[in-house]
Structures are given as C-alpha cells and as structure tokens.
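We did not get these values from a lab; they are worked out from the coordinates using the rules stated. The shown structure was predicted, so the numbers you read here are calculated from the model rather than taken from an experiment. Positions of Cβ are backbone-derived with ideal geometry, glycine not excepted, and every protein chain shown enters the neighbour counts.
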Amino acid sequence: MATKKSDKKNAPPKIENRKARHDFHIDDTYEAGIALKGTEVKSIRAGKASLNEAFAYLNRGEVWLKNMYIKPYEFGSYQNHDERRDRKLLLKRKEIREIDKSMNQKGFTLVPLKLYFKRGYVKILLGLARGKKQYDKREDIKEKDVKREIDRKIKGNYNINL
C-alpha cells in the first residue's frame with residue numbers, strides 16, 4: 001500500500017499582503033468570510049489575486065473590501081466578474097461593533113493581510129492597523145538583519161564579529 005504524501009502542489013494558494021506588515025503596526029486581527037461569485041473563487045484557487053492596494057471600510061453597519069484585484073476567470077463566459085468590485089465581508093455583529101469603535105479613533109484603518117482557504121471557504125485575515133513612521137520601518141529592517149546574522153552565527157556557516 002502506497003503512503004499518501006501531503007501534496008503542496010495541489011494545496012490552494014495563500015495570497016499575502018506582505019507590504020501591509022511593513023507599513024503598519026497591526027493591533028488586532030479578525031478572520032472574515034467574503035461574498036464571492038463562482039468565477040472569483042476559481043481565479044483565487046488558481047492564485048490570480050492581489051491584496052496590495054486593498055482596504056476595508058464600514059458602510060451602514062457592514063464591512064466592505066475595496067480595490068482587491070481578482071483576475072477574470074479565463075474560462076468564464078458572459079457571467080465573468082469585475083476585477084476590482086467592492087466585496088462584502090462576513091463578520092459577526094460583535095466584531096463589527098469592535099471594529100467600528102476602533103476605527104473611529106484617530107489613525108486606525110482596516111487592512112487585509114492574508115487570503116486563504118479554510119474548509120473549502122475563502123477567508124480573509126483583516127488587521128486593525130496604525131501607520132508606521134519612517135524610523136519605525138528602519139528599526140524593523142535593522143532587527144530583521146540582526147536576527148538573520150545571529151541565526152547564521154548559531155548555524156555555524158557564517159562567521160561574524162558582533
């Protein structure tokens with residue numbers, strides 16, 4: 001009997017917004033579902049989506065995702081979707097109230113961090129974020145470089161004088 005290996009090739013992609021963690025301090029995170037059309041789900045499964053310019057906003061007690069790019073499905077017909085349409089996010093009322101309360105404070109925004117599949121459903125990880133200053137970004141880069149060099153030194157493949 002052959003052993004079944006977990007195929008990373010067949011796993012649905014995780015689409016991340018790496019720039020968001022560089023530009024913002026993330027205070028809280030929320031997991032939300034998205035109301036999508038069938039061709040959008042097929043495009044996301046193929047990895048043809050981007051969160052780089054996307055953001056979320058509140059409108060009449062609902063949370064909406066704006067400016068997320070999902071490439072039109074290449075085998076879709078006349079029912080294909082718009083690339084950058086507003087998409088409704090599915091959250092609990094308690095979470096929406098918490099987000100509304102936080103966003104009314106100065107400097108907070110709702111940024112999408114990751115798009116992934118969970119039990120067959122498309123989920124999005126939202127971060128309640130504050131903008132970083134330029135010196136904060138430089139400090140993060142410096143910490144990352146120091147950590148990388150320490151890891152190299154511990155591994156023993158690289159000698160460095162600290």
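Quick notes on this structure:
- Mean residue ellipticity (222 nm) of the chain, computed from DSSP H runs ≥ 4 via -39,500 (n - 2.57), nearest 500: -9000 deg cm²/dmol
- In segment 15-131, a dipole from Cβ-located charges (positive for Lys and Arg, negative for Asp and Glu) runs towards its positive end, and of G107, A49, T29 it is T29 whose Cα lies farthest in that direction.
- In the chain, the inverse of the mean reciprocal separation of distinct Cα atoms equals 18.2 Å; this is its Kirkwood hydrodynamic radius.
- Pairwise FRET efficiency - K71 versus Q134, Cβ, R0 = 41 Å, nearest 0.05: 0.80
- Modelled spin labels at T109 and W64, positioned 7 Å past Cα toward Cβ, are 1.7 nm from each other.
- Rounded to the nearest 20 debye, the dipole size of the chain about its Cα centre is 440 debye, using +1 on the Cβ of Lys and Arg and -1 on the Cβ of Asp and Glu.
- Panel order for H81, H25, by other beta carbons found within 10 Å of each beta carbon, from fewest to most: H25, H81.
- Straight-line reach from K101: taking Cα to Cα under 13 Å and skipping same-chain neighbours fewer than 8 places apart, the aspartates and glutamates in range are D28.
- Cross-link pairs exceeding 22 Å between alpha carbons, from the set K71/K137; K19/K132; K48/K137: K71/K137; K48/K137.
- Here the spin labels are modelled as points 7 Å beyond Cα on the Cα-Cβ line, and at D28 and Y57 they lie 2.1 nm apart.
- Segment E149-K118, extension gain: residue separation times 0.36 nm, minus the distance between their alpha carbons: 7.6 nm
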